[in-house]
Each structure stands twice: as structure tokens, then as C-alpha cells.
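In what follows, a structure is listed as C-alpha cells, so that the remarks can point back to it.
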Amino acid sequence: MGFIFSSIPFSESKKIGDIYFAGNVIKKDHLLIAIKGFIYPEDYSESELIDIYINSGIDELSKLNGEFSIVIYDLQSDLLKIVNDKIGRNSLFVYKKDEQFLVADNFWNVLSVISPKEEDVSVQSVKEWLYLFFPLQNKTIIKNLEYFPSASIGEFDFKTKLYKKSAYWSFSEVTIDESIKDENVLDEFYSLIDNGIKFIKNKHGKDKVYACSVSGGLDSRISPYFCLSNKMKTISFSITSGKYSIFPFVPRLRKIVKKIAQFYGIKHYFIDDKKTSFEQKMFLDIKNLPFGHTNIHKTVAVNVPYFDVHINAGGPEMMSSTLTGIQDVKTSKDFSDYILSRLSLLNCPKPNFEKRFFKRLKAIVGIKEIFPDKLGIADQDMLSRGLMNYKIEDDNEINYFTYLYQQIASKTGNGAFENLTGTKHSYSLFFPFATDFLARLKPEFRQSRIILKKFLIEKFPELSKIAHEHSMRGVYFESETKLSWGYQFLQKVLGRVRKEGVPGNQLKSRKYKNRFDKITSQFNPIFNKCLEDEVINQSKKYHWHLYLQIVKVKCLLDIIYNKEWSKYVDFDIES
């Protein structure tokens, strides 16, 4: 169960002073506190956090490490204060319209109180969500309702009805630590992750079952090691599609995952996503991650093995190869184009090659174009102007991380694998345990995921010899010889096929296509304002991932139009 604080009365709420509240809220003396997430490494309780606030104020809470969002209401001063961690993966939603104010950790809880109308939906924000996975500048598609920004302190005065917020930290404050030398960088990285796993074990107990999601990639394959080395009951799992019969590449990925599990000697579970009904998939994806990329092909609720805590390798953004070419960015327009070309759904294969073979061949060799503006998909100039606001420093790596974390990483705490259950504790292997360390690394450690590759080769040489999902051989061998042109070509083929999405490909079956067509064809005036029929038809024909995103957008807009949000709330709320 989440929490909600509001100046607007709603059913099932309690009232103290001028505030209505519900959910996981603790009262101590004249203070109310709600916390989402955890503090690391101290793991303070709500009562201890209140003591810190009483003795040192909200600024002291902002200095804490971890993944948390904290809301405190002071009955004496009639002030409500909000603070979160630097990355902000535990999302909060803030609604402020005229004298009305509300903060909650669940989007649907907010909608149940404010009951938005058709005119409250922002068409531009819908388009930004569609192409950039989230609306820009912490907005949602509902006017006056925003994500509380990461690394921020907020305050609402119930007397004056004034709301203000300010950032207490940004990536521009990070300085490269030259003292981190090549010879000790891997040992420090190892120690930080190990300490994080020890914290998780101490928090939940040695008798719990810890499940590691293993995709076959580089980052996820190391999580079982740290669990096992700390004597934790460990299993692993992958979300698959049937027996992986789509392409010769696919059994290979299954084989890779099996090899990783055999290396550790742990039980591995392949969870068939087709066992979960379409209705369950859509419900869980919309409930747990209303915005963001559609995750229905990763969303499962049937044949899931028992476990208590989930360990994932999510959030390796600071080790990403996406930074390739950022040194060529000179202007704000360059920066906007850089983001659109790498972190958006605006790119697609040219529609002139209608036959599947030639269209696929065209994509493999890298020939792309921006989806034609004449289709009215989005005002690309407006998207570009919004993206330019993120270029605030001369250092484009800082700008990139600012965008990546404020726009994407800070809002995905309940996505993808969290949809596996919707309620289980889930932790990233890297964040927040190694966040500051990775931010202070020299750029050469981040390019092309060098630190992760070095980490595997030097600390886990046998594990690094196992091929991974992006390559037909392990990184141990990649470091030894230069790849031939033929091998590089096969790598491109492999990468392109994988990019199409497996098990996402099974969503192209007639069964799913008919469901998607039914969803997009149902009348909804809000949706019709945002997208034309030609956009839907063209995306279905030439850009499948974009079409899936359109389906998710339509589902959420249908819920708003039909006012059906009550089934998605944490508790009974009605304004």
C-alpha cells in the first residue's frame, strides 16, 4: 500500500489539521511521515528519520544515501515537506492547481482524487510520452500533475497555499576523481556491490529466497555471484516466450542463460510469458508503470517461482555504450538530435522497402530515417526545443546523464521486472550502492561499458568466456583479437534481430494483433486529438515497437476517458 497527502477531502482518509491522508503514514508527536524506499547504509526507521528532521531539518535528510522519497507534514507549522534521493527512482506525483495540493506515490491514487476530465489531458505531453517514453520536464499527461523531480526538496504551506521546490544536487556538481586509478578501480567497484548485497541480506534475513533476473547480458550475470558469496538462498530466472522457436539466435540465448546458471550451480527458471493472459499483462503494466515503455512482453503473473526478494541489474546507465559520439555534440540542436537518435522511438526503417527481407536488410546495414513529419506523429521542433533545455553545461556527458536520469531512470522504479509480482521487494545491483563511484569515474571507464567488461574478465574470467546476448562470443575473447568484417556483419544481424524484441516478436501473432487493433479502434476523443488513423496504420506496418507504445497510450487514455481508475488504486479513494 502506498500513501497520499491532500488538501482535497476523499473517502477512506484521515484528517489532522488541514490535511487529509491515507496509506502507510506514521504519526509521531506533531509530525506525520511517509517513506518509500530505503536509506543506505544506515537503514533508518520512520521514527529515526523524524528525529533527524526535528534535530537538523529537511536539508539533513537530503544528505542521506539510498533510494527514497520522504514526505513529512508538521501540524504545528502547517507545512508539508518532500525530499528524495539523487536519482529519484521511487516516484512521487505532485498535483498543484490553484489552492489545491496533493502528493502521492501512485498515479492512480491521484486520479481517483482529482478525477480529471477530457480537457485536463495535455496532447503535447501524450506525444512526448509516445516518442521519449515519458513527457519532458517531469510532466505527466495530466495538466498540473507532475513527477516530483529527483534530488529535490519541496514545501507546501497549507496557510498560504504556496508550493515551492528546489534542487539540492545535480550532475554538474560531480567532479572526476583522479585518485581512482586503473589498478584499484575494479576492487572498489567489487567492494561497493558486495556491501550493497550484504545490506540487502541484513535487511531481509538469511532465510529469505533471493531471485536474480538473468537475461544473458553482461551485467545480470554477476548478481548470482554476490548473493552466493554471501550465503544467500539464490535462484535465477528469465522471462521467455514459449520454447524460443522464432529464430536460430533464440535457442542460443536460452543456452547462454543455462550455462550461466550451471556455472553457479543454481536452479534457473524460464518463465513463459505466454502463460499470462493478455488481460493480466495489460493490467499489471498499466498499474505498475503507467508511463514509460510498454513492458507487456516482459510482464508475467503465472508459473512464477517462489522468492522473497528480487535482485536485478537494472540501471547500468553510467556504464553504457550509448555515449559513443557524444564528443561530436557542439550545440543544443546537436544534443537534441543525439537524444532523438538514441533514446527515442522516432527512428524507423524506411517504408519504401515493403517486403520484409529488404526492409530487414536495410535496417541491418544501418540506413534509417526519421518517421515522416507529414504523418502528424509529433511536432519534432517542439520535441527538440524541449530536449534543448537539458543542455545546461558545456560538458555533454553531464547533460546526457542529466537527461537520462531525470527523464528516464528516475521514473522506472516500478517497471519491467517489478511487474513480475507488483509487490515483491526489488533492488538494483548497482544503484544506489555504486552511484557516486560510477559518477566520479573517468570517461574512458564508461565508454563501451569498459568497466563492466574489465570487471568480468579480471574477477570472473570463466564467466566472461560465456557468450552474451549482444555478442556471439564472450568478452574474454573479444579483448584478444580484432573482429573480422564477416563477424562484425553477423554481430550487426544479431543486434538488429535482438532489437526487434524477443519475446516481443510473439506479440505480432494474429491473436495479439487482433487485440491491439480492437484497442486502438475503439472510440476515444482524447486519443483522436493526439494521433491520426494514418499514424497508427503506418506504425503498425513499419515500426512495431512504436505501435506497441501507441497501444499502451490508448489503454491509459481509455481508462481516463471512461473514469475506470478505481481498479488500479492502492485503497478505496473517491473524492
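Side notes on the structure shown:
- Neighbourhood charge, 15 Å Cβ-Cβ cut-off, centred on residue 98 and excluding it, Lys, Arg +1 and Asp, Glu -1: +1
- Accessible surface calculations at 1.4 Å, restricted to protein heavy atoms, place the range 38-185 at 39 Å² per residue.
- Of the trypsin sites (Lys or Arg not before Pro) in the range 139-195, those whose Cβ has at most 10 other Cβ within 10 Å and which sit in DSSP loop: 159, 181
- Amide hydrogen proximity for residue 39: with H placed 1.01 Å from N in the peptide plane, the residues at 5 or more positions away or on another chain lying under 5 Å are 44.
- Candidates per trypsin sites (Lys or Arg not before Pro) in the range 196-244, loop by DSSP, up to 12 other Cβ within 10 Å: 206, 231, 243
- Summing charges over all other residues whose Cβ lies under 14 Å from the Cβ of residue 306, with Lys and Arg as +1 and Asp and Glu as -1, gives +2.
- Probe 1.4 Å - accessible area at residue 282, Å² to nearest ten: 20 Å²
- Rough spin-label spacing in nm, given labels placed 7 Å along Cα→Cβ, for residue 394 and residue 118: 5.3 nm
- Pairwise Cα separations in the range 1-100 fall into 10 Å bins from 0 onward with the following percentages, short to long: 14, 50, 31, 5.
- Largest-first ordering by accessible area, 1.4 Å probe, given options 385, 515: 385, 515
- Around the Cα centre of the range 140-212, unit charges on the Cβ atoms of Lys, Arg, Asp and Glu (plus for the first two, minus for the last two) sum to a dipole of about 800 debye.
- 12 Å beta-carbon shell around residue 204, net charge (K/R +1, D/E -1): +4
The values are calculated or read from the model by the stated rules, or taken from the named source; none is laboratory data. Only a predicted model underlies this, so the values are computations on that prediction, with no experimental measurement involved. All Cβ positions, even for glycine, are placed from backbone atoms using ideal geometry, and neighbour counts span all protein chains on display. Calculation scope for accessible area: heavy atoms of the full protein, side chains included, ligands and nucleic acids excluded. Shrake-Rupley method; radii C 1.70, N 1.55, O 1.52, S 1.80 Å.
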